[in-house]
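Data first, discussion second: the structure below is written as structure tokens.
Just so it is clear, none of the values below were taken in a lab; they were calculated from the coordinates. As the structure is a prediction and not an experimental result, all values here were calculated from the model. All Cβ positions, glycine included, derive from the backbone under ideal geometry; neighbour counts span all protein chains shown.
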2 protein chains.
Amino acid sequence: MTEIESKAKAARDASFVLASLSTDAKNRVLLDLANRLTSERAAILEANRKDMEEARASNLSFAKLKRLELTETLLDQMADGLRQIVALPDPIGQVVKESKTAAGLEVQKVRIPLGVIAMIYESRPNVTVDAFGLCFKAGNACFLKGGKEAAHSNAALAELARAALRASNLPEAAVEVMTTNDRDAIRELLTMDQYLDLVIPRGGTALIQFVHEHSRIPMVQHFHGVCHVYVDVDADAKRAVPICVTAKTSSPATCNTLECVLIHADRAKELVPVLCKEYADAGVEVRGDERVRKLAASAVAANDGDWGCEYLDLIVAMKVVDSLDDAIAHIRKYGSNHTDAIVSESADAQQAFIRNVGSSCVLTNASTRFNDGYQLGLGAEIGISTSRIHAYGPMGLEELTTQRYVVRGEGQVR
Amino acid sequence: MTEIESKAKAARDASFVLASLSTDAKNRVLLDLANRLTSERAAILEANRKDMEEARASNLSFAKLKRLELTETLLDQMADGLRQIVALPDPIGQVVKESKTAAGLEVQKVRIPLGVIAMIYESRPNVTVDAFGLCFKAGNACFLKGGKEAAHSNAALAELARAALRASNLPEAAVEVMTTNDRDAIRELLTMDQYLDLVIPRGGTALIQFVHEHSRIPMVQHFHGVCHVYVDVDADAKRAVPICVTAKTSSPATCNTLECVLIHADRAKELVPVLCKEYADAGVEVRGDERVRKLAASAVAANDGDWGCEYLDLIVAMKVVDSLDDAIAHIRKYGSNHTDAIVSESADAQQAFIRNVGSSCVLTNASTRFNDGYQLGLGAEIGISTSRIHAYGPMGLEELTTQRYVVRGEGQVR
């Protein structure tokens, strides 16, 4: 048995123990880990310092260094995040549906854990703690594979989680960490469908495509967000402009940031100049089609690659469309099923947009930036799924479970 | 564009139309198809006659011929099945959850279709009509690939569905059929994840493994059922014996049939002889471990291959276990996450069994044969999922949908 296989098997065995833990027992471990993030602060920051040193030596970009760096504040936030997970209701054992059949059987549909969840992610070491916290509260073991830049930090954080598990006499294999960064090893991990129930890749396109190509384990994709706002003929300009501007500027590099504005032709003359001015003031480059550029000299010419592009930067595409139907057709063609919004005062237009745009989150008269587990009331999220299977949109605790049937009889046969 | 790709794309385009159909519009098509199954009976039976002729010429087994054959009664049953689907509530548009956020946003979690569902199945031509009926009512287009033996029958049935769609001015690409039986073509189909949202293979192990190995489309497995009944120390014999016997004999070749009886050691002397006698009378071969064979001369010796075996025949494995924990360990090792039952009057034992056996359906004091969409009140099922992702257990209309967020604001930004 290879090292990866024996770790995967150990995680599977641990998952049997986790599946029947009480809510209190789970919360105790999470609170213990939260406290250790404070008491063991020095050791974690020391591990992170090693990662940072190596990263600087290998000329990692400034943005990536920023994502890698841990601070006391960030550790406190991670601890707070765990305490928030403690406060969330335990999904395990929830009865989703109940009925009595003609044969007199009592049928319940009940939430149980998925089992073992593999997370493959890049950079940000806080994912190690967040992912463990969410998986564990939902009764799952997890198998974590972080980025090579964060190897020391991730190892230190995982060891903290394992210490918290040991302190509660629970199997430390409830969190397994893969330390090698060898692609063959990841490929091997992705064949372990006898031990792993779900794989969640979080990171760039190359990572997600690699997992998609090689995984025999079911996968929930957290793919890119090519988010649109369509400004309808019946839009209220006082709503449209702030939504379009802030949805890009408030956090330009997140997956729910706005990437493309579609404006109804009848409102273009009025709104394109205002929007382009506001974008220019905020340092946002507008890449417009011809009709946009005729109305705003500041816009540069968009080319075919701009439609459907996830900039994750202070850039936005802008296009004039002749109708709601054209906007829908554009989103179907170029969107990524992540988040799309309409600004309109017309109930009919809103309804048509909702009915015909199939994204994981559609909004009316609100910013795309609200598609987020915290904002939508899930409490915490492990990512935003862009595939329709199993979970679509922000994945919280419930999305880390499955439902099965428990049937109670009195000797019924058939 | 290959033929398969253009069909897959046509199905995707049709799925956009289906997603916003009213319940009435969908039911009209299903009722029309039900009527055509009667009015076009002669043509279907003629197509089936061709399949049967070719099957006989190629020496198909008697059991397979039986599964292939269509009769007037079977056509009536298929039509009734469609009428039952019409009577079921439409899952699309159902609001699963609703809340108002601190920012004043109205958040709904709403059911929408999955999109395009590919079914790859063997023999039984009735699956063509059942699968179309369920997928269509849940707003999905479907791409059907049936067995080569049933090619004429499946083509005739699918053409009937397409005629019903045309009569309602709906795109006939809502049901696409793959006629070639070439493995390369199936492999190509399984790469079309840009057009297909889910693949459901239904058939033997070889088929499921082939799909599992080659699919880039998310897959819900309907794998085999290695179902257990554990007869606890606190079992009521008057319940245990009929459950064990009928769960095997009432339909020995279905996936929810009993394949292995586990008996607590303290009840073995009393129950093993009774059970073996009843099985012998019913023509069931018992394959027992040593402790079973000491108590019942009629049992033949089980070997390692008998644990975890899906016989789908008048054969059952039987083993004496020392405790509930041993029974659970056996089921974890050899079960297939399909259906497992405990016979016990002890609430503690029932609870421990439910908590520790993770199958898609666990039962107390009832036959494994109740794990079935009709029996559990789903109305109809497209199969029984044995993987925890997306759906676990019988898949009805709801399991052919996904849920996404609809958020209504009044100009909120962040």
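How much length, in nm to one decimal, is gained on full extension between residue B:410 and residue B:312, taken as 0.36 nm per residue of separation minus their Cα-Cα distance?
Fully extending the segment from residue B:410 to residue B:312 adds 29.3 nm.
For chain B, which DSSP H helices look membrane-span-like by this rule: Cα extent along the axis of 20 Å or more and mean Kyte-Doolittle of at least -0.5?
Span-like helices in chain B: B:3-19, B:23-39, B:72-87, B:151-167, B:265-281.
Using R₀ = 35 Å, calculate the FRET efficiency as 1/(1 + (r/R₀)^6) where r is the Cβ-Cβ separation of residue B:297 and residue B:333; round to 0.05.
Step by step, r from the Cβ atoms, then E = 0.80.
How shielded is B:394-407 by partner chains, expressed as the average number of their Cβ atoms within 10 Å of its Cβ atoms?
Mean partner-chain Cβ count within 10 Å for B:394-407: 5.
Between residue B:57 and residue B:269, what FRET efficiency follows from the Cβ-Cβ distance if R0 is 56 Å, with the result rounded to 0.05?
Step by step, r from the Cβ atoms, then E = 0.55.
Which Cα, out of A:264, A:324, A:311, lies furthest along the positive dipole direction of the range A:227-370 (beta carbon charges, K/R +1, D/E -1)?
Toward the positive end, the furthest listed residue is A:311.
In debye, nearest 20: dipole of the protein assembly as shown around its Cα centre with unit charges on the Cβ of K, R (+) and D, E (-)?
Around 300 debye, computed over the protein assembly as shown.
Gap in Å between the Cα centre of the range A:319-383 and the Cα centre of the range B:108-141?
Taking the Cα centre of the range A:319-383 as reference, the centre of the range B:108-141 is 26 Å away.
If I model a spin label as a point 7 Å beyond the Cα along the Cα-Cβ vector, how far apart are those points for residue B:41 and residue B:216 in nm?
Those two pseudo-labels are separated by 4.7 nm.
Among DSSP bridges having both ends in the range A:116-218, what percentage is antiparallel? Round to the nearest 5.
DSSP beta bridges in the range A:116-218 are roughly 0 percent antiparallel.
Given charges of +1 on the Cβ of Lys and Arg and -1 on the Cβ of Asp and Glu, with all other atoms neutral, how large is the dipole of the range A:227-370 about its Cα centre, in debye to the nearest 20?
160 debye
Quick one: of the DSSP bridges fully inside the range B:227-370, what percent are antiparallel, nearest 5?
Taking every DSSP beta bridge with both residues in the range B:227-370, the antiparallel ones total about 0 percent.
Listed here are the pairs A:319/B:26; A:26/B:248; B:137/B:248; A:137/B:100; A:333/B:137; B:7/B:97; which of them are more than 32 Å apart at the Cα?
A:319/B:26; A:26/B:248; B:137/B:248; B:7/B:97
Which cysteines does chain B leave without a neighbouring Cys Cβ under 4.7 Å?
So far as the 4.7 Å Cβ criterion goes, B:227, B:244, B:255, B:260, B:276, B:309, B:361 stand without a partner in chain B.
Mind checking the full-extension length gain between residue A:22 and residue A:95? Use 0.36 nm per residue of separation minus the Cα-Cα distance, one decimal, nm.
24.7 nm
Rounded to the nearest 5, what % of DSSP beta bridges with both residues in chain B are antiparallel?
About 30 percent, rounded to the nearest 5.
Net charge around residue B:157, counting only other residues with Cβ within less than 12 Å of its Cβ (Lys, Arg = +1; Asp, Glu = -1)?
0
When averaged across all projection directions, what area in nm² does the alpha-carbon convex hull of the protein assembly as shown cover?
Seen from a random direction, the Cα hull of the protein assembly as shown projects 35.8 nm² on average.
Can you quote the Å³ per residue value for the convex hull of the Cα atoms in the range A:291-333, rounded to an integer?
So the per-residue hull volume is 85 Å³.
Given all pairs of different Cα atoms, what value in angstroms does the Kirkwood hydrodynamic radius of chain A take?
The answer is 23.2 Å.
Multiply the residue gap between residue B:207 and residue B:185 by 0.36 nm, knock off their C-alpha separation, and tell me the result in nm, one decimal place.
6.5 nm
Students often check this: by mean Cβ neighbours within 10 Å, which of A:218-227, A:74-83 ranks highest, and how do the rest follow?
Result, highest mean first: A:218-227, A:74-83.
Can you compute the label reach from residue B:374? Point 7 Å from Cα along the Cβ direction, backbone N cut-off under 15 Å, restricted to the range A:79-109.
A:102-103
Can you pull the mean other chain C-beta count within 10 Å for peptide B:105-112?
4
Let's see if you can work this out: charge +1 on each Lys and Arg Cβ, -1 on each Asp and Glu Cβ, no other charges. What is the dipole magnitude of the range B:93-174 about its Cα centre, in debye to the nearest 20?
I would put it at about 180 debye.
Just B:339, B:191, B:368 to compare: in a GNM of chain B, with alpha carbon springs under 10 Å, which one fluctuates most?
Maximum fluctuation in the GNM of chain B, among the listed residues, is at B:191.
Over all residues in A:153-163, what is the mean tally of Cβ atoms on other chains that come within 10 Å of each residue's Cβ?
Mean partner shielding for this stretch: 0.
So which GluC sites (Glu not before Pro) in the range B:44-146 end up in coil per DSSP with only 10 or fewer other C-beta atoms within 10 Å?
Answer in residue order: no site qualifies.
Counting alpha carbon pairs within less than 8 Å and at least 6 residues apart, what relative contact order, in whole percent, applies to chain B?
18 percent
Quick check: Cα centre of the range B:27-65 to Cα centre of the range A:167-240, how many Å?
Centre-to-centre (Cα) distance: 44 Å.
Pull out a ≥ b ≥ c, the square roots of the eigenvalues of the alpha-carbon gyration tensor of the range B:217-370, then state rounded if a/c is under 1.5, prolate if not and a/b is larger than b/c, and oblate in the remaining case.
Oblate, since a/c reaches 1.5 and b/c is not below a/b.
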